[in-house]
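In what follows, a structure is listed as structure tokens, so that the remarks can point back to it.
The values are calculated or read from the model by the stated rules, or taken from the named source; none is laboratory data. Keep in mind the model is a prediction, meaning the values are calculated, not measured. Note that each Cβ is placed from the backbone with ideal geometry, even for glycine, and that neighbours are counted across all protein chains shown.
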Ligand SMILES: [Zn+2]
């Protein structure tokens, strides 16, 4: 289809010479050897070249604790959503040709199930995916349209209307891109070409907001798929479509520069924002203007100021809701912001995006899904001391079920969408670099196989317990028996929080780079070469609501360890909407602590680090019992800080001698553990400053 379209356009010009050149280009794009300098497909002109390029799905394999996350996903909801949420994900789903759910939920699940299946190389999961992919590809109509196309009467628990909406197809495009990356199935290219030509013709009459407004706010997911296909096929009409999509979508660059919306509460939908954050950077590929990067940075800075939370997220329950630490953040926002940061890192090479990604992945994400991946919260709170079915001052009320752990509690978007978090994170640990090297951008136990230099295949194993440990060990193997050594640049990210990293090559000190940059090791490598990166982690604090502080160390935020009692409850009033059961969690120890004032220049006097060597070998460090690192700190109970509506009451103002009345209270040493290991927690602590003793 691409060839036909391109040829017909060219034939009108009647220039045989141009035809010959274009035919040569087309031929080259369909072979593995691109007319490009890198070993992998980078952007095609006039799109500007990205510094980093995603590797084919399956090239990066998780190890250690990260592999355990995927196995738990496979055994939990991700691998079994068709069974546990059969009403939506069963054979009646519209994306299987049924009369059930016609909208976003099916594609959402596949967006996580597909990378999970191919990263684990699991035949059962692949078989589960197949009917969805086959139905989707075969659903394409003569005019290029694909997907469900019949609207049905309302039925409880299903989204059966707006089947023509542009939005759910954007999710399915992401699914198909990953499917092509893993399998090379060319039918994907035909489907997308036909659909994008259909969009080009139809959008002027039925614009993005024709059915619902989600497509206007989330158009960057459509836009990135258009650029992706353009890079493969070179079909120039795709760059007309990209401009049309951009012009019909919500303009995030203007919003970030305007600064008004982000400074208010209830002004913007949290998940839209998480997805939309990447819009300026996606479009920047076509218009290489630094203002797009700057807009995103300004947006993040305003968001942090007005709605920021220590675990890297922002309040959005569901709209932006200020910086009180009992406001919620939605699970969909977490996984969507992770995907946005992954894309922005690849396109811009900006280390800050990777730092932010690690913060969310290592703190917010593990905290909101249960250990067995069988339940999740709709919202989490940074100060979360009790999880009950109760009204919580969120801007939306779903039968008071937003905090409790369940299958459908709150709203089922998160049940369908959270699966993409870890698999895509793994896919983005490593990139090919434009200079024919390899880049370890985000750190976790893993293994990568990729081409470097002149198409030499290497494997690098990354052994580490990061982020719970600060040592990362890489070992390189050349996979081609005939090649003894190979020269290529190995890119390493030094996180912004790290003052002085230490890099050793084969046990010999190589460099001590400062944080906030990418270091390239250019050398001739041979099998068995080892690189050791040490990223010293200091205990620091950041300032939040009411002058409170969060305690951080490296990429991890530390929160108060609170005893938990889980109670399973039945849903009697509306099981079709909220599921049949849910878990409440009650504190079994005190939570209302303020930490004693400390000298930021002498942190070691107030904060004591405890590491448990035996727990650093565990496959699953993400719960209270297994937390391998603790920080001990002096604290006092603040008796006046009490529950309000079954959540932590208003935060006492910090570092003031008024109000906390703690002079007569005995000082205790309390334990902080990584935020991602907590279910109940205080992460924004009041700081107690007392009257000087007379
Ligand atoms: Zn959601």
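Data for the structure
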read-out: Filtered residues of region 625-642 (kept if surrounded by fewer than 16 Cβ atoms within 10 Å (Cβ to Cβ) and within 31 Å of the chain's Cα centre (by Cα)); value: 625, 632
read-out: Entirely in region 304-390, the helices (runs of 4 or more DSSP H) that have 1 or more residues that are outside the structural domain of residue 593 (by TED's automatic domain parsing), within 16 Å of the ligand (Cβ to nearest atom) and buried (at least 24 other Cβ atoms within 10 Å of the Cβ); value: 331-348, 365-368
read-out: Subset tally (residues that are farther than 18 Å from residue 352 by Cβ and away from the ligand (no atom under 16 Å from the Cβ)) for region 259-290; value: 14
read-out: Qualifying residue in region 650-657 (condition: farther than 26 Å from residue 328 by Cα and surrounded by fewer than 23 Cβ atoms within 10 Å (Cβ to Cβ)); value: yes
read-out: Verdict on residue 423 being away from the ligand (no atom under 16 Å from the Cβ) and outside any loop (DSSP other than H, G, I, E, B); value: yes
read-out: Residue that is nearest to residue 109 (Cα to Cα) [pool: residues in region 134-154 that are assigned to a loop (DSSP other than H, G, I, E, B) and free of Cβ contacts under 8 Å to residues at least 40 places away in the same chain]; value: 149
read-out: Test result for residue 394, over 30 Å from residue 498 (Cβ atoms) and either within 15 Å of the ligand (Cβ to nearest atom) or surrounded by fewer than 24 Cβ atoms within 10 Å (Cβ to Cβ) (or both); value: yes
read-out: Subset of region 91-103 (residues that are touching a helix residue (DSSP H, G or I) at 6+ places or on another chain (Cβ under 6 Å) and surrounded by fewer than 23 Cβ atoms within 10 Å (Cβ to Cβ)); value: 96, 97
read-out: Where residue 454 falls short, out of the listed (1) assigned to a loop (DSSP other than H, G, I, E, B); (2) touching a residue at least 24 places away in the same chain (Cβ under 8 Å); value: (2)
read-out: All strands (runs of 3 or more DSSP E) inside region 465-542 with 3 or more residues being closer than 17 Å to residue 351 by Cβ; value: 485-494, 517-526
